[in-house]
């Protein structure tokens, strides 16, 4: 009985302290006889670094750019068609610090292959619109494509072409380029 009474007293004391500690930290003002009472409340918004990268059509698992080569090499680049679209939409958006930099890179280090023969990704180039730069893949694991200063939403398109300047055996060659948007 004494133990229960002691525990109940300690419990009530803890509840009482928590109730009063919360009120002690709140700002309050008491005015008697007219006038106005004021109390302040501080606000803070914390936005973490958030990055969004889209390369391809919205809703597609992974777009495929298909080049249907109909001419011998040296007759000019072949513009691709795809299951989605060519050009493909591109979006790089992020909440980063005002002086931070977002960097867009591409990994084209694995060649297009039919299992026997490889075509290097350097055979593929693109033009760009909006906030993005055109170029050609360089077969590296971390080719820098663009850099963006500060937070924002950058949009545009990539339109891809195959150089068609080398004789390769007739086959279907497939490969994947992985794009990465990073920020400190």
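The values are calculated or read from the model by the stated rules, or taken from the named source; none is laboratory data. Computed from a predicted structure; not experimentally measured. When we count neighbours, we look across all protein chains shown, and the Cβ atoms used for this are built from the backbone with ideal geometry, even at glycine.
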Exercise. How many residues does the stretch 103-161 hold that are part of a loop (DSSP other than H, G, I, E, B) and closer than 23 Å to residue 58 by Cβ?
Worked result: 7
For this session: Could you tell me whether residue 127 is touching a strand residue (DSSP E or B) at 6+ places or on another chain (Cβ under 8 Å), closer than 30 Å to residue 74 by Cβ and exposed (fewer than 13 other Cβ atoms within 10 Å of the Cβ)?
Result: no
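Counting only residues that are free of Cβ contacts under 8 Å to residues at least 40 places away in the same chain and either part of a loop (DSSP other than H, G, I, E, B) or over 40 Å from the mean Cα position of the chain (by Cα) (or both), which one in the stretch 60-69 is surrounded by the fewest Cβ atoms within 10 Å (Cβ to Cβ)? Let's see the steps before the verdict.
First, the residues of the stretch 60-69 that are free of Cβ contacts under 8 Å to residues at least 40 places away in the same chain: 60-61, 63-64, 66, 68.
Keeping just the survivors that are either part of a loop (DSSP other than H, G, I, E, B) or over 40 Å from the mean Cα position of the chain (by Cα) (or both) gives 60-61, 63-64, 68.
Details: 60: 13, 61: 7, 63: 15, 64: 15, 68: 9.
So, considering only residues that are free of Cβ contacts under 8 Å to residues at least 40 places away in the same chain and either part of a loop (DSSP other than H, G, I, E, B) or over 40 Å from the mean Cα position of the chain (by Cα) (or both), the one surrounded by the fewest Cβ atoms within 10 Å (Cβ to Cβ) is 61.
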Exercise. Filter the stretch 44-59 for residues that are touching a strand residue (DSSP E or B) at 6+ places or on another chain (Cβ under 9 Å) and at pLDDT below 90; which is surrounded by the most Cβ atoms within 10 Å (Cβ to Cβ)?
Worked result: 57
For this session: Among the numbered conditions (1) assigned to a strand (DSSP E or B); (2) buried (at least 16 other Cβ atoms within 10 Å of the Cβ); (3) over 20 Å from the mean Cα position of the chain (by Cα), tell me where residue 93 comes up short.
Result: (3)
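Specify the residue that is nearest to residue 102 (Cα to Cα); the eligible residues are those in the stretch 44-59 that are within 16 Å of the chain's Cα centre (by Cα) and not in a strand (DSSP E or B).
Per the criteria, the residue is 49.
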For this session: Check whether at least one residue in the stretch 25-34 is more than 30 Å from residue 130 (Cα to Cα) and not in a loop (DSSP other than H, G, I, E, B), and report yes or no.
Result: yes
For this session: Working carefully through the options 72, 41, find the one that is modelled with pLDDT under 90 and not in a strand (DSSP E or B).
Result: 72
For this session: With the condition kept exactly as written, say whether any residue in the stretch 133-146 is buried (at least 16 other Cβ atoms within 10 Å of the Cβ), under 23 Å from residue 74 (Cα atoms), touching a helix residue (DSSP H, G or I) at 6+ places or on another chain (Cβ under 9 Å) and modelled with pLDDT under 95.
Result: no
For this session: Considering only the stretch 97-113, state which residues are farther than 15 Å from residue 140 by Cβ, out of contact with any strand residue (DSSP E or B) (no Cβ under 6 Å at 6 or more places or on another chain) and surrounded by 15 or more Cβ atoms within 10 Å (Cβ to Cβ).
Result: 100
Problem set entry | Unique match (being under 17 Å from residue 66 (Cα atoms), surrounded by fewer than 17 Cβ atoms within 10 Å (Cβ to Cβ) and either free of Cβ contacts under 8 Å to residues at least 60 places away in the same chain or in contact with a strand residue (DSSP E or B) (Cβ under 8 Å, 6 or more places away or on another chain) (or both)) among 180, 174 | 174
